[in-house]
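Each remark here refers to the structure printed beneath this line.
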Amino acid sequence: MNPINQAILESLRSSEKTAGELKDIFNCSYSVLDKALQDLLDAQEIEAGWSNDDCSAKIYRLKRQQQSSIKT
């Protein structure tokens, strides 16, 4: 797994994040981030959803089984 994918997984362990938040954390282009997120989605490491606030945004989080295995 490449370093940015590993870093994204590590970042999502603490909380779900939008693509913009991840872009700011890693200071990379959207094209690099989009490829990394798609790779992680294809590998079923993460899942995408929508925020529940007034300004809906796509959010990324670890898959549920990933979250539970981290806590044990």
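Each reported figure results from applying straightforward, stated rules to the coordinates on display, with no laboratory input. Since the model is a prediction, treat every value here as computed from it, not as a measurement. FYI the Cβ positions are ideal-geometry reconstructions off the backbone, even for glycines, and counts take in every protein chain you see.
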Hey, what number do you get for the chain at 222 nm if only DSSP H runs of n ≥ 4 count, each worth -39500 (n - 2.57), divided across all residues, to the nearest 500?
-> -17000 deg cm²/dmol
Fraction in percent of alpha-carbon pairs per bin - 5 Å, the stretch 3-71 | 3, 17, 31, 26, 15, 6, 1
If the cut-off is 14 Å between C-alpha atoms, which aspartates and glutamates fall inside it for Lys17, apart from same-chain ones fewer than 8 positions away?
-> Asp34, Glu47, Asp53
With labels modelled as points extended 7 Å from the Cα through the Cβ direction, what inter-label distance (nm, one decimal) is found for Lys63 paired with Ser51?
-> 2.6
Dipole magnitude (debye, nearest 20) for the chain, charges at Cβ of Lys, Arg, Asp, Glu | 220
